[in-house]
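Everything on this sheet refers to the single structure shown next.
The values are calculated or read from the model by the stated rules, or taken from the named source; none is laboratory data. Everything numeric here is computed off the predicted structure, so don't read it as measured data. A quick note on method: Cβ atoms are made from the backbone with ideal geometry, for glycine too, and the neighbour counts reach across all protein chains shown. Heads up: the accessible areas ignore ligands, DNA and RNA and are worked out on the full protein's heavy atoms, side chains in. Shrake-Rupley method; radii C 1.70, N 1.55, O 1.52, S 1.80 Å.
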Amino acid sequence: MSVAGALVSASQPTPPLPKVKFQGLEITRLIVGSNPLYGYSHFNSILDRMMREWMTQDRRIALLHRAEECGINTWQVHYNDPTIEDLKRYRAEGGRMHWLLLADFELMTNWKLLPEVARLNPIGIAHHGNRTDQRFRSGQRSVVRDFIKAVHDAGVPAGVSTHNPAVIEYIEEHGWDVDYYMTCMYRITRTPEEARKEFGEAPVGEMYMERDPERMCEVVRKTRKACFAFKVLGAGRHINRPEQLERAFRFVLTHIKPQDAIIVGMFPRYKDEVRENVELVSRILSSTAT
């Protein structure tokens, strides 16, 4: 199968990625995300469909192996039947990356699945960000807290994913037993009413405000818990020019804590995005090391 040359091994080795400690493990500060693998573009339905049509299971598995080959040692993925099938195939083919699970679909409603999922050895299970924000907005915070307890009861580190810095502030203030956070750089879950109250008008589609990364990173730096920053590139809105791409990476990497990491989705149809991202993140972290 041809993959546009994007997943072909390069002759030159990639630079090593710095690692951080997490729950007794060492994980790379660049984690491969999953939205492009399963057609979640956060842009429009046409791009969603294009991603799904191109990203066959063979190409998804090839991307995971390429990520591991380039030095990434952790994969973040949401829970669904296709993703679990991919995980099992990747493992059967010798894949060794850690996997960080974002609870979704059936796992959000049927917590009895948690012990079964725990047997697949995720390094953490987080409450889904959209569901977190919805539940906090509707006064159902206790459901999120109960989910964390259920994950711990299954013997797995528990996290909370969110797009809203206020969620983290609340959890920290009330001393919840959370092991880590997944922190979106853009508060895309603002309701139209919230947007109008904050900015005087509502967007068409998802909201990506230029200062949202500042607002989230400020909260990330205040918590001692590990944070995994995602939508670093604004769901592809920062990839049009090399300097724009580097600026987005550099801002987040220099404004989160040294023990934090970033999650980046990759779609290597046209170029070797995996290698490009590894080289760029390695260079930025090397230049900022003290």
Which ones in region 105-138 are more than 19 Å from W75 (Cβ to Cβ) and open to solvent by 60 Å² or more (accessible area, probe 1.4 Å)? E106, T109, W111, K112, P115, E116, R131, Q134, R137, S138
Conditions (1) farther than 21 Å from E68 by Cα; (2) in a loop (DSSP other than H, G, I, E, B); (3) not polar (S, T, N, Q); number of the one not met by M266: (1)
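Name the one entry in A229, A235 that is among the hydrophobic types (A, V, I, L, M, F, W, C) and open to solvent by less than 10 Å² (accessible area, probe 1.4 Å).
Details: A235 fails: open to solvent by less than 10 Å² (accessible area, probe 1.4 Å).
When all the criteria are applied, what remains is A229.
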Exactly one of these conditions fails for R91: (1) among the charged types (D, E, K, R); (2) at pLDDT 95 or above; (3) within 24 Å of V144 (Cβ to Cβ). Give me its number. (3)
Within region 165-195, can you find the residues that are over 23 Å from M209 (Cβ atoms) and within 19 Å of the chain's Cα centre (by Cα)? V178, D179, Y180
Region 105-151, subset in contact with a strand residue (DSSP E or B) (Cβ under 7 Å, 6 or more places away or on another chain) and among the small types (G, A, S), residue nearest to G175 (Cα to Cα): A126
Please count how many residues of region 89-100 are surrounded by fewer than 19 Cβ atoms within 10 Å (Cβ to Cβ) and touching a residue at least 12 places away in the same chain (Cβ under 8 Å). 4
Would you please name the residue that is nearest to D58 (Cα to Cα), looking only at residues in region 269-278 that are open to solvent by 40 Å² or more (accessible area, probe 1.4 Å), part of a loop (DSSP other than H, G, I, E, B) and of a type in the set (D, E, K, R)? R269
